[in-house]
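Read the structure below first, then the notes.
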Amino acid sequence: MSSIPEPSFQTTVLVRDTCLCLHVQRAARALVRRYDDALRPIGLTSGQFSLLMSLNRPEPPAIAQVASLLAMDRTTLTANLKPLERRGLVEVRTHERDKRRRVLVLTPDGRTLLAAAVPVWHRIQQAIEGLLAPTGEGPLVPSGPGRLRADLLALS
């Protein structure tokens, strides 16, 4: 083994106070809890809401498109689809023109549940955005929620 010194407690405090990854993870868990709590009465999690919303398109998307949009691998997406399929909210079908491709379709029940979820999402979205203090200067500098979205997009 090499003789690399163990990190000091001061290093621990530095990481705790400045690590962007840690702060994003903590914030993500807190946000997910808030959205999950808001959506629970209609029987959805925040992840399921995002997945159903990603299928709300004029043409059914391919699995790869949805996986890319949600930043998850196809295996994880398939696992997340299973409970929604069992509930009759989503169907996996063969593409009409290319029988090798599979597409994801919101069922009528899925559309109905998604329609019920949107007002709930609006309420929690507004509440969370209200917690973000506006910052920035000038008309071209995003502030508050817009700045956070821009910064998160830059990181992703």
Output yes when any residue across segment 56-63 is closer than 22 Å to residue 38 by Cβ, loosely packed, with under 15 Cβ neighbours inside 10 Å and modelled with pLDDT of 95 or more, and no when none is. yes
Tell me which residues, restricted to segment 44-61, are of a type outside the set (Ser, Thr, Tyr) and within 15 Å of residue 82 (Cα to Cα). 44, 47, 48, 49, 51, 52, 55
Qualifying residue in segment 128-145 (condition: within 16 Å of the chain's Cα centre (by Cα), without any contact (Cβ under 8 Å) to a residue 24 or more places away in the chain and buried (at least 16 other Cβ atoms within 10 Å of the Cβ)): yes
Name the pairs: first residue in segment 29-43 and among the charged types (D, E, K, R), second residue open to solvent by 40 Å² or more (accessible area, probe 1.4 Å) and assigned to a helix (DSSP H, G or I), Cβ to Cβ under 8 Å, at least 6 apart or on different chains? 34/127
Note on segment 2-43: residues of a type outside the set (D, E, K, R) and touching a helix residue (DSSP H, G or I) at 6+ places or on another chain (Cβ under 6 Å) are 32, 35, 38, 39, 42
Given the options 22, 31, name the one that is over 21 Å from residue 120 (Cβ atoms), surrounded by 10 or more Cβ atoms within 10 Å (Cβ to Cβ) and among the hydrophobic types (A, V, I, L, M, F, W, C). 22
Filtering segment 77-96 down to residues that are within 16 Å of residue 65 (Cα to Cα) and of a type in the set (D, E, K, R), which residue is least open to solvent (accessible area, probe 1.4 Å)? 91
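Looking only at segment 105-123, which residues are assigned to a helix (DSSP H, G or I) and not aliphatic (A, V, I, L, M)? Write out each step before concluding.
Filtering segment 105-123 for residues assigned to a helix (DSSP H, G or I) gives 108-123.
Once the filter is applied, which keeps residues that are assigned to a helix (DSSP H, G or I) and not aliphatic (A, V, I, L, M), segment 105-123 yields 108, 109, 110, 111, 112, 119, 121, 122, 123.
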Please go through segment 97-118 and give me each residue that is closer than 30 Å to residue 155 by Cβ and either surrounded by fewer than 14 Cβ atoms within 10 Å (Cβ to Cβ) or without any contact (Cβ under 8 Å) to a residue 40 or more places away in the chain (or both), ordered by number. 118
What's the number of the only condition in (1) open to solvent by 50 Å² or more (accessible area, probe 1.4 Å); (2) among the hydrophobic types (A, V, I, L, M, F, W, C); (3) at pLDDT 90 or above that residue 1 fails to meet? (3)
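The values are calculated or read from the model by the stated rules, or taken from the named source; none is laboratory data. Remember, it's a predicted structure, so these values are computed and weren't measured experimentally. All Cβ positions, even for glycine, are placed from backbone atoms using ideal geometry, and neighbour counts span all protein chains on display. The accessibility values were calculated without ligands, DNA or RNA, using every heavy atom of the protein model including side chains. Shrake-Rupley method; radii C 1.70, N 1.55, O 1.52, S 1.80 Å.
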